[in-house]
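Here the structure comes first, spelled out in structure tokens, and everything after it is commentary.
The values are calculated or read from the model by the stated rules, or taken from the named source; none is laboratory data. Here the structure is a predicted model, which is why all the values come from computation and not from measurement. Methodologically, a virtual Cβ is constructed for each residue, glycine included, from the backbone with ideal geometry; neighbour enumeration extends over all protein chains shown.
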2 protein chains.
Amino acid sequence: MELLKEKILSEGVVLSEKIIIVNSFLNHQIDAGLMEAIGAEFARIFADAGATKILTAEVSGIPPALATGMKLSVPVIYARKTRPSTMGGDILRARVRSAPTDTESEIVVKRDYLSPDDRVLLIDDFISEGYATCALCDIVRSAGARIVGVGTVIEKAFLGGRSRFEEGLDAPVHALVRITHMGEDGITFDE
Amino acid sequence: MELLKEKILSEGVVLSEKIIIVNSFLNHQIDAGLMEAIGAEFARIFADAGATKILTAEVSGIPPALATGMKLSVPVIYARKTRPSTMGGDILRARVRSAPTDTESEIVVKRDYLSPDDRVLLIDDFISEGYATCALCDIVRSAGARIVGVGTVIEKAFLGGRSRFEEGLDAPVHALVRITHMGEDGITFDE
């Protein structure tokens, strides 16, 4: 996706070989036109997946998931990082490992919103180490639902995160851009 | 907005006279078609406001703000509740009071994204006591920017939250629905 590559090159801030800041257009501040194009691109890629739900995790997954849901006319669920006091009933839970801090946290989804009949498209802003995607997969499986696709805006392909969730996954994985290297010498994409 | 009223009446769960849960279509799970209609309605209402930025607060303000931003082709900023370790530079801060718990928290916005030239449209999912809107107003004013409108999906009008931020505000305030009463006897709208 050329528009996205151009944005990453012109506005992304590489903090280290593993961390890139995209606060000016993807997180914190959102370029609305770019986000609409991202939604349209995911909708095109997953047009035939027959998704009945889109699942992401708060906070930064919400914009691309919502933009995609609006194009596909599919409900969007965002997993919460803390269970709100107002969320009663049965809850689906999964553990998320954070590589930078070597800690674990939890995400939760209200069971009412995922049924065994659901065909779930996972959308997120980043795939880095792959742990967040693993947790979303765990949520879908604990609901007895089926994963029909995984889409990410940016994949840090050099971290090999896909290997953490591709085993046993019978669904396509698509990144709008794949970064193969980042550093003081710049950013390299895989094509 | 009739579609929204119908959703609130059919799926909203009144927990108390002050709390209504809308997790099935507005928070946690988002009805994508409804959210698109919400964005279109805000875009129609604020078409002539000349907004250059839309500002909301994470988490549940993001969907209506983004849906509006995509219709108006205006960048969307979501204030963070905690400053991420990756957010450097100068930061705008405001205090948010929480009425239910009588505590205070903070929201932060990177100063780079709001300039004195900006005309800012505030969009949120709820106006309850008005404290969150006050904090967003404080952020805009501390940037030296101008507020050109305030839009909320649902206003709990009976809490009188508008009185907390309307003084000195030279901009229209619009709620897509205004709830005048909630309780075991049902929900009443103002028209």
- Query: Of the residues A:Arg93, A:Arg141, A:Arg111, A:Arg119, which single one is out of contact with any strand residue (DSSP E or B) (no Cβ under 7 Å at 6 or more places or on another chain) and among the basic types (Lys, Arg)?
  - Reply: A:Arg141
- Query: Taking segment A:138-159 as the search range and keeping residues that are without any contact (Cβ under 8 Å) to a residue 40 or more places away in the chain and of a type outside the set (Val, Ile, Thr), which one is surrounded by the fewest Cβ atoms within 10 Å (Cβ to Cβ)?
  - Reply: A:Gly144
- What number of residues in segment A:72-83 are within 7 Å of another protein chain (Cβ to nearest Cβ) and farther than 20 Å from A:Ala135 by Cα? 2
- Message: I need a count of the residues in segment B:4-30 that are more than 16 Å from the chain's Cα centre (by Cα), closer than 26 Å to B:Cys134 by Cβ and part of a helix (DSSP H, G or I).
- Response: 1
- Task: All but one of (1) within 19 Å of B:His28 (Cα to Cα); (2) out of contact with any strand residue (DSSP E or B) (no Cβ under 7 Å at 6 or more places or on another chain) hold for A:Thr101, so report the exception by its number.
- Result: (1)
- Considering only residues that are without any contact (Cβ under 8 Å) to a residue 24 or more places away in the chain and assigned to a helix (DSSP H, G or I), look in segment A:41-68 and name the one that is surrounded by the fewest Cβ atoms within 10 Å (Cβ to Cβ). A:Arg44
- Restricting attention to segment B:84-95, does a residue exist that is more than 8 Å from chain A (Cβ to nearest Cβ), of a type in the set (Asp, Glu) and under 23 Å from B:Ser142 (Cα atoms)? yes
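Yes/no matrix, rows are residues, columns are (1) modelled with pLDDT under 95; (2) closer than 21 Å to B:Leu72 by Cα; (3) among the charged types (D, E, K, R):
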| residue | (1), (2), (3) |
| --- | --- |
| B:Asp125 | no, yes, yes |
| B:Tyr131 | no, no, no |
| B:Arg164 | no, no, yes |
| B:Arg178 | no, no, yes |
- Note on the structure: Within segment B:79-92, residues being within 20 Å of the chain's Cα centre (by Cα) and either more than 27 Å from A:Ser98 (Cα to Cα) or among the polar types (S, T, N, Q) (or both) number 2
- Query: Which residues, taken from segment B:11-26, are at the interface with another protein chain (Cβ under 10 Å from one of its Cβ atoms), over 23 Å from A:Ala40 (Cα atoms) and not hydroxyl-bearing (Ser, Thr, Tyr)?
  - Reply: B:Val13, B:Leu15, B:Ile19, B:Ile20, B:Ile21, B:Val22, B:Asn23
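Of these, A:Gly33, A:Gly39, A:Gly61, A:Gly69, which one is within 16 Å of the chain's Cα centre (by Cα), of a type in the set (Gly, Ala, Ser) and within 7 Å of another protein chain (Cβ to nearest Cβ)? Don't jump to the end; show me each part of the working.
Numbers: A:Gly33 fails: within 16 Å of the chain's Cα centre (by Cα); A:Gly39 fails: within 7 Å of another protein chain (Cβ to nearest Cβ); A:Gly61 fails: within 7 Å of another protein chain (Cβ to nearest Cβ).
Testing whether each residue is within 16 Å of the chain's Cα centre (by Cα), of a type in the set (Gly, Ala, Ser) and within 7 Å of another protein chain (Cβ to nearest Cβ) leaves just A:Gly69.
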- Taking segment B:137-180, which residues are assigned to a loop (DSSP other than H, G, I, E, B) and either of a type in the set (Lys, Arg) or in contact with a Gly (Cβ under 8 Å, 6 or more places away or on another chain) (or both)? B:Gly160, B:Phe165, B:Ala171, B:Pro172
- Can you tell which of A:Leu114, A:Leu72, A:Leu136, A:Leu66 is in contact with a Ser or Thr (Cβ under 8 Å, 6 or more places away or on another chain) and among the hydrophobic types (A, V, I, L, M, F, W, C)? A:Leu136
- Note on the structure: Of the residues in segment B:93-136, those that are in contact (Cβ under 8 Å) with a residue 40 or more places away in the chain, surrounded by 19 or more Cβ atoms within 10 Å (Cβ to Cβ) and not in a loop (DSSP other than H, G, I, E, B) number 14
- Message: With the requirement that a residue be over 23 Å from B:Ala32 (Cβ atoms), touching a strand residue (DSSP E or B) at 6+ places or on another chain (Cβ under 6 Å) and among the β-branched types (Val, Ile, Thr), what does segment A:1-48 give you?
- Response: A:Val13, A:Val14, A:Ile20, A:Ile21
